[in-house]
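Below: one structure, written as structure tokens.
What follows draws every value from the coordinates through simple rules; no lab data is involved. From a predicted model like this one, the values you see are computed outputs, not experimental measurements. Positions of Cβ are generated from backbone atoms using ideal geometry, with glycine treated the same way; all protein chains shown enter the neighbour counts.
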Protein chains: 2
Amino acid sequence: MNMSRTRRERLVVIGGDAAGMSAASQARRLKGRDELEIVAFERGHFTSYSACGIPYWVGGDVTDRDRLIARTPEEHRARDIDLRLRTEVTDIDLDGQRVRARDVDSGAESWTSYDKLVIATGARPIRPDMPGMDAPGVHGVQTLDDGQALLDTLARTRGRRAVVVGAGYIGVEMAEALINRGYEVTVVNRGSEPMSTLDPDMGRLVHKAMEGLGITMVNDAEVTGILTGDDDRVRAVATPDRDFPADVVVLGIGVRPETTLAKAAGLPLGIHGGLLTDRSMRVRGHENIWAGGDCVEVLDLVSGQERHIALGTHANKHGQVIGTNAGGGYATFPGVVGTAVSKVCDLEIARTGLREKDAHRVGLRFEAVTIESTSRAGYYPDASPMTVKMLAELRTGRLLGVQIVGREGAGKRVDIAAVALTAGMTVEQMTTLDLGYAPPFSPVWDPVLVAARKAAAKVRGSL
Amino acid sequence: MNMSRTRRERLVVIGGDAAGMSAASQARRLKGRDELEIVAFERGHFTSYSACGIPYWVGGDVTDRDRLIARTPEEHRARDIDLRLRTEVTDIDLDGQRVRARDVDSGAESWTSYDKLVIATGARPIRPDMPGMDAPGVHGVQTLDDGQALLDTLARTRGRRAVVVGAGYIGVEMAEALINRGYEVTVVNRGSEPMSTLDPDMGRLVHKAMEGLGITMVNDAEVTGILTGDDDRVRAVATPDRDFPADVVVLGIGVRPETTLAKAAGLPLGIHGGLLTDRSMRVRGHENIWAGGDCVEVLDLVSGQERHIALGTHANKHGQVIGTNAGGGYATFPGVVGTAVSKVCDLEIARTGLREKDAHRVGLRFEAVTIESTSRAGYYPDASPMTVKMLAELRTGRLLGVQIVGREGAGKRVDIAAVALTAGMTVEQMTTLDLGYAPPFSPVWDPVLVAARKAAAKVRGSL
């Protein structure tokens, strides 16, 4: 008899949000407590929460913070997961198969050995190294603690001038949140247009819509520092051209993979600083270590190269795959096509696949078309305009990317293109897709079909 | 020199709605008047109108009939299309390459020869052969003339009791239209649940929602006749069990391909009575005759068999393909996957692919799963429940069909499945689709992904 078959294995999880706790939960579903011990370390106060929901909590659409928490520490513990909150892992000892953890409050440290390890350390917000970034009134919105701190500041602050630094997803969502709270909002953006995940011609539509909402949009502006007053609180955001008075500043500059621990342990990182995994989400070259969520790079199925995308839906999928594999099953995460949706008030913004500059960068030549259509049949009430941009590879006509800006019904239409990208469809094939049609839902030619027809004609050279 | 190259060809089009006039317009785009003469016959008063929009015109959402007309006769004529309204084609002479047409008003007949022929004769509503079907107050809603006649009746009729016969798309849409106009609406349905394009378990959700809207839904009821009063007007709809008092009756029983002419000419018809075409929409075995729209059968890509589907979006695609080919270009229509969306007030109903009984009929064995999810993140305002049913083939796990019933955001989600069906994806592959996620648009696991996960687990035998 092989005694090791009866030994209880230990799975250690670093990070208690989406990827880590999905992995832990799924592993537990597959293996009971008699077979597998699960220890999870989380340095914060919360587990399994929706960071993506923070702007809507700050904006008042979600009134109760706890509704953002999908599963509490108590619920995890009830499932026989040994969850250690406020405990930060400070070291991974690969040779010894153990991690060192420190109690954040007491400072006490101890080692925990593992048979299997999951790294789900997430991402950290980019905070440029410039004067005043730590001044009171300057806030990130990465964690629930961040969100609470921002709400506390808003409750205390009399002035109504808010400056959002950065005009990506977080930036525009926070602009909406602050407008909804009655602030005068200025968004200071380094790029030429907001939403640099879109091509600038599509970003321009977002720009105009934001101005229509009363948001002041400042492009091509590099923030050089935060100016503070006599009370050391934030007073303004400085750029080379001018200063923007601010009673509160929200940083939405983006995030980087949090891989300090992994790097120190010598685990493989990609050019974006994220952990590199294989299709089973195993860290490359390491049989018993998995990584997922915002700390990894993912394969972009369209470009064939790795990207870093911090998004809850990927983190949950990674966790599911990792937990299945760590629990003795089999699952893979093939990669992403780069789908994202967002909104600013009633403007919906969506993208999937490659932008023009992505295609250039990876050596793909393309045709790009942009069309105007409507969300419903033109004669149906509340039909709203929608702009669809589509990129198709030269010669092959393979779909490369889609960007959509419009009102109700625009955002999730990008899913059509996300599936078509996954399937490697050509724009010619897309022209005959059997999409849902009825006057309240779509014109007789869905906007995505209109774009596909134009793109196909351009690829054929008949446009 | 080949003189025939300079001879002007004549394209004759029978039918002036979506398929016929799309074909004529597209052919004209490719070939100018010096190369191609185009003659189009339409027996009614209108061209290129949206029959799908009629329920919304009757219901008052669309106030102007002319908004349902995409292109008027004058606009077609301005594009050098010789359009002959109120002119019915009564004969196709294949050997002579000519058609006989009759002026509906004068009765005058004449022959017109063709080099190329397009048959787009549409569908005719099913009107059961039973007493009273032609009584005043009994209306179909197939054409703009039908819609106007119904509106005239509604304006004249004092009583507020409306009975809709049939509970398919037209039936439920007309029920909504009449509820919106303040009628007491009873829907009399032969099937066990409304929306027989869904499985009965999903139709049951529609049934409940209709009752919630104040519509009286009567299932398993076969209409045996229309009862009339002393004034010969409709008085009630009779079934074996009871009579349903009615001041107005709307027939929404469905349609059949209108292929009387084609049949008389000996053109090939399928088992559903529609013309059979090849991928280029050419009538099988006939080099210079094309057919499209509601009068043809289409290949169902999931079952591999022909179906009859009367839907404007297909008719427009057929017309585009026919016009391209008749104009000397190249285009194909590969088939359909059977996507349809509809709504009753704020209830959205969608389906694509095969129902359980379709799968049984074509010899496919499957697993079926049903899940409940929400349209947005659960914590986001106005997140509404959504039910998704998914069928996957046994062993292969290939997606076979999806049905969705819910509120805002439910209907067009079916497009995800429509593209996946077209691509031949398995439900396992669908579990990692990169669909758009943000809290206002979707839970972190989109409802379609939740269904795919459950279906994949069931196919694997791990559910």
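So if we plug the beta-carbon distance of A:Thr216 and A:Ile126 into 1/(1 + (r/R0)^6) with R0 = 22 Å, what FRET efficiency do we get, rounded to 0.05? According to the calculation, E is roughly 0.45. For the protein assembly as shown, the Cβ-based charge dipole about the Cα centre amounts to some 1640 debye (Lys, Arg positive; Asp, Glu negative; other atoms uncharged). For the pair A:Thr370 and A:Arg284, a Förster radius of 35 Å applied to the C-beta separation gives a FRET efficiency near 0.30, rounded to the nearest 0.05. The dipole here belongs to the range B:347-462: it is taken about the Cα centre, uses +1 on the Cβ of Lys and Arg and -1 on the Cβ of Asp and Glu, and is about 420 debye. Given q = 0.18, 0.20 Å⁻¹, what are the Debye log10 I(q)/I(0) values for the range B:347-462, with equal point scatterers placed on the Cα positions and solvent ignored? The computed values of log10 I(q)/I(0) come out as -0.83, -1.00.
So, in Å, what gap is there between the alpha-carbon centers of the range B:308-335 and the range A:436-454? That distance is 15 Å.
Checking the table A:Lys263/A:Lys357; A:Lys116/A:Lys317; A:Lys412/B:Lys343 against a 22 Å threshold on Cα-Cα, which pairs fail? Exceeds cut-off: A:Lys263/A:Lys357. What is the local net charge at A:Ser442, summed over the other residues whose Cβ is closer than 11 Å to its Cβ (Lys, Arg +1; Asp, Glu -1)? With Lys, Arg at +1 and Asp, Glu at -1, the neighbours total +1. Simple rule: put +1 on each Lys or Arg Cβ and -1 on each Asp or Glu Cβ in chain B, find the dipole, and look at B:Leu117, B:Thr63, B:Gly140; the Cα lying farthest toward the positive end is B:Leu117.
Expressed as a whole percent, how much of the Cα-Cα distance distribution for chain A exceeds 38 Å?
When every Cα pair of chain A is considered, 31 percent fall beyond 38 Å.
Label the range A:208-247 by shape, choosing from rounded, prolate and oblate, from the square roots a ≥ b ≥ c of the eigenvalues of the Cα gyration tensor; if a/c is under 1.5 it is rounded, and otherwise prolate applies when a/b is larger than b/c, oblate when it is not.
Numbers: a/c = 4.17, a/b = 1.74, b/c = 2.39.
Since a/c reaches 1.5 but b/c is at least a/b, the shape of the range A:208-247 is classed as oblate.
When B:Thr259, A:Thr72, B:Thr374 are sorted by how many other C-beta atoms sit within 10 angstrom of their C-beta, beginning with the fewest, the order is A:Thr72, B:Thr374, B:Thr259.
For B:Arg8, inter-copy separations between label points set 7 Å beyond Cα along the Cβ vector come to 9.2 nm, shortest first. Give the nm distances, rounded to one decimal, from B:Thr63 to the matching residue in every other copy, measuring between label points 7 Å along Cα toward the beta carbon; shortest first. Shortest to longest, the spacings are 3.7 nm. Filter the trypsin sites (Lys or Arg not before Pro) in the range A:146-245 down to the DSSP loop ones having no more than 14 other Cβ atoms within 10 Å, then list what survives. Within the range A:146-245, the qualifying trypsin sites (Lys or Arg not before Pro) (loop, at most 14 other Cβ atoms within 10 Å) are A:Arg158, A:Arg160, A:Arg242. Each Lys or Arg adds one and each Asp or Glu takes one away; over the other residues whose Cβ falls under 9 Å from the Cβ of B:His308, this sums to -1.
Put the Cα centre of the range B:220-274 next to the Cα centre of the range A:261-293 and the gap is 66 Å. With its label point put 7 Å out from Cα toward Cβ, A:Tyr330 sits 4.2 nm from the same residue's point in the other copies, in order from shortest. Sparsely packed loop sites in the range A:1-71 (the trypsin sites (Lys or Arg not before Pro) outside DSSP H, G, I, E and B with at most 14 other Cβ atoms within 10 Å) comprise A:Arg7, A:Arg8, A:Arg33.
Defining a contact as two alpha carbons under 8 Å apart and six or more residues distant in sequence, what relative contact order in percent does the range A:127-253 show?
Details: 261 pairs, mean separation 45.4, N = 127.
Relative contact order, the range A:127-253: 36 percent.
From the square roots a ≥ b ≥ c of the eigenvalues of the alpha-carbon gyration tensor of the range B:179-275, which class results: rounded (a/c under 1.5), prolate (a/b over b/c), or oblate? Could the numbers behind the result be given before it?
Working: a/c = 2.43, a/b = 1.40, b/c = 1.73.
Oblate shape, in that a/c is at least 1.5 and b/c is the bigger or equal ratio.
When only the Cβ of Lys, Arg, Asp and Glu is charged (+1, +1, -1, -1), the dipole of chain A relative to its Cα centre reaches about 1100 debye. For B:Glu37, the residues whose modelled amide H falls within less than 5 Å of its own, excluding neighbours fewer than 5 places apart on the same chain, are B:Glu9, B:Arg10, B:Leu11. Among B:Trp57, B:Trp111, A:Trp290, A:Trp445, the order by Cβ neighbours within 10 angstrom, fewest to most, reads B:Trp111, A:Trp445, B:Trp57, A:Trp290.
For chain A, the relative contact order is 13 percent, taking Cα pairs closer than 8 Å that sit 6 or more residues apart in sequence and dividing their mean separation by the residue count. Run through all the Cα pairs of the protein assembly as shown and give the fraction in each 20 Å bin from 0, expressed as whole percent. Per 20 Å bin, starting at zero, the Cα-Cα P(r) for the protein assembly as shown comes out as 13, 40, 31, 13, 2, 0 percent.
Just want to confirm a number: the relative contact order over the range B:70-150, from Cα pairs under 8 angstrom separated by 6+ residues, in percent.
Values: 66 pairs, mean separation 11.5, N = 81.
Over the range B:70-150, the number comes to 14 percent.
For the protein assembly as shown, the residue among A:Pro334, A:His308, B:Cys345 whose Cα projects farthest onto the positive side of the dipole built from Cβ charges is A:Pro334. Averaging the Cα positions of each part gives two centres, and for the range B:337-363 and the range B:394-408 these lie 9 Å apart.
Among the trypsin sites (Lys or Arg not before Pro) in the range A:319-423, which ones are in a DSSP loop with at most 16 other Cβ atoms within 10 Å of the Cβ? Mind listing them? Working shown, then result.
On the way: sites: A:Lys343, A:Arg351, A:Arg355, A:Lys357, A:Arg361, A:Arg365, A:Arg376, A:Lys389, A:Arg395, A:Arg398, A:Arg407, A:Lys412, A:Arg413; in loops: A:Arg355, A:Arg365, A:Arg376, A:Arg395, A:Arg407.
Taking the range A:319-423 and a limit of 16 other Cβ atoms within 10 Å, the loop trypsin sites (Lys or Arg not before Pro) found are A:Arg365, A:Arg395.
Where a ≥ b ≥ c are the square roots of the eigenvalues of the C-alpha gyration tensor, would you call the range A:196-329 rounded, which needs a/c under 1.5, or, failing that, prolate if a/b is larger than b/c, or oblate?
Working: a/c = 2.86, a/b = 1.94, b/c = 1.47.
It comes out prolate by the Cα gyration axes.
Could you check what % of the DSSP bridge pairs in chain B are antiparallel, to the nearest 5?
Details: 55 of 87 bridges.
Around 65 percent antiparallel, to the nearest 5.
Considering only beta bridges that DSSP places wholly inside the range B:127-253, some 35 percent are antiparallel.
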